[in-house]
1. Could you grab me the full set of residues in region B:192-203 that are in contact (Cβ under 8 Å) with a residue 24 or more places away in the chain and either within 7 Å of chain A (Cβ to nearest Cβ) or among the hydroxyl-bearing types (Ser, Thr, Tyr) (or both)?
2. Counting only residues that are outside any loop (DSSP other than H, G, I, E, B), over 14 Å from B:Leu198 (Cα atoms) and either hydroxyl-bearing (Ser, Thr, Tyr) or touching a Gly at 6+ places or on another chain (Cβ under 8 Å) (or both), how many does region A:130-143 have?
3. Confirm whether B:Phe99 is surrounded by fewer than 16 Cβ atoms within 10 Å (Cβ to Cβ) and among the aromatic types (Phe, Trp, Tyr).
4. For region B:204-216, which residues satisfy the criterion of being free of Cβ contacts under 8 Å to residues at least 60 places away in the same chain and more than 7 Å from chain A (Cβ to nearest Cβ)?
5. Looking at (1) without any contact (Cβ under 8 Å) to a residue 40 or more places away in the chain; (2) away from every other protein chain (no Cβ under 13 Å); (3) crowded, with 18+ Cβ neighbours inside 10 Å, can you tell me which one B:Val153 breaks?
6. With respect to the numbered conditions (1) free of Cβ contacts under 8 Å to residues at least 40 places away in the same chain; (2) buried (at least 18 other Cβ atoms within 10 Å of the Cβ); (3) touching a helix residue (DSSP H, G or I) at 6+ places or on another chain (Cβ under 6 Å), which one is the sole condition not fulfilled by A:Ala76?
7. For region A:111-133, which residues satisfy the criterion of being polar (S, T, N, Q) and crowded, with 24+ Cβ neighbours inside 10 Å?
8. Just the residues that are assigned to a loop (DSSP other than H, G, I, E, B) and either under 17 Å from the mean Cα position of the chain (by Cα) or buried (at least 24 other Cβ atoms within 10 Å of the Cβ) (or both), please, taken from region A:23-34.
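The values are calculated or read from the model by the stated rules, or taken from the named source; none is laboratory data. As the structure is a computational prediction, the values presented were derived from the model and not from experiment. Glycine gets a Cβ as well: all are built from the backbone with ideal geometry, and neighbour counts include every protein chain shown.
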There are 2 protein chains.
Amino acid sequence: MNTGVLGTGMVGDAIGTKLVQLGHKVKMGSRTANNEKANAWVKKNGAHASAGTFEDAAQFGEIIFNCTSGTGSLDALRSAGSKNLSEKILIDISNPLDFSKGMPPSLTVSNTDSLGEQIQRAFPDVRVVKTLNTLSNPLMVNPSLVNGGDHTVFLSGNDAEAKAKVLSLLVSFGWKSGNVIDLGDITTARGTEQILPLWVRLFGMFQTPMFQMKIVK
Amino acid sequence: MNTGVLGTGMVGDAIGTKLVQLGHKVKMGSRTANNEKANAWVKKNGAHASAGTFEDAAQFGEIIFNCTSGTGSLDALRSAGSKNLSEKILIDISNPLDFSKGMPPSLTVSNTDSLGEQIQRAFPDVRVVKTLNTLSNPLMVNPSLVNGGDHTVFLSGNDAEAKAKVLSLLVSFGWKSGNVIDLGDITTARGTEQILPLWVRLFGMFQTPMFQMKIVK
């Protein structure tokens, strides 16, 4: 499958690399066509990897991953272009973290709204699925790195078929389907984005991002 | 030990009953001295159980449990009286849930502040420890009801000695000390209070509050 990965940070790198390993073609998008980090990533990942602008990546992908930082996500998606995203699945991994006032970060949107909902409202015909935003990037694509892979990831989105496809992708990443919890529509992204204030404190305390949350019954 | 439990709802009932079972004396406090639910609870719990106003309960307790609803907590604590709470450990189990705009509830305070912090600021010489607010009341006092008792509870507070005492109390409730995570000072209550938006969605989906979160590494 042709996929577009928006963002050249650690999340984009981890997701893009995993997709290439799984045999997908990946175009990594950034603000400029000749991004240093994107070029280095392409070099490392061979013939199935390419890079371009946000627009190039969105045009290329059948499924798009939003791996940009939360504060830049809406701008990045506008640059990608609504016509290039139209009807496609957009897997939103971003978090609305605001580091501008120091540590720990606060959220730029929370409580009665979420970044996932803002993205869905801005691009109403895009099939937004929020997932993977509650854990560190190495674990997104290699869940077995903690607790034998036995921990929880969430799905939020309005489109059941899109969520089913994202579930298959997550399983291909190594997730056990029983550990993927579909919370409901995109408004449930409020719940997972508001996990971050706890996550950053646990990160600070453990001094490693290699931990996760498991819902137990 | 003499303890005060503020609030006559399910949380106050569960905590008060457990404390009596463990041999403590408990005075349950409410807005009025002759509260029907408090009287019923006293009848059920025998000689170590008594009831009175918020002020009576705060005077009586060496340790006070805030089991009032979040939107009423500051008022209840003002009724309890700062001189009756002074220097004491206040175990704050409340959550700032606002049900006035329908379901799911939003939070009356979040992101850059928390109810735990508001309480600490309003009563600066009280040793506030936020805990047990991320799970359902049956599990607070009987953690073995899910996953063999193997799941996580958090502590937030500025006073290390107070947190150590609360940890002992949690262990007496059935918690394994290794499952109690001290997140740091009272500002970390932002993290645990913001778990609630996810918790209410999971509750709605599972149709039972008998689930919990476990942090795994």
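1. Scanning region B:192-203 gives B:Thr192, B:Gln194, B:Ile195, B:Pro197, B:Arg201.
2. Selection size over region A:130-143: 1.
3. yes
4. Initially, region B:204-216 is screened for residues free of Cβ contacts under 8 Å to residues at least 60 places away in the same chain, giving B:205-208, B:216.
Within region B:204-216, B:Phe206, B:Gln207, B:Thr208 meet the criteria.
5. (2)
6. The number of the failed condition is (1).
7. Those that are polar (S, T, N, Q) and crowded, with 24+ Cβ neighbours inside 10 Å: A:Ser114, A:Gln120, A:Thr131, A:Asn133.
8. Across region A:23-34, the qualifying residue is only A:His24.
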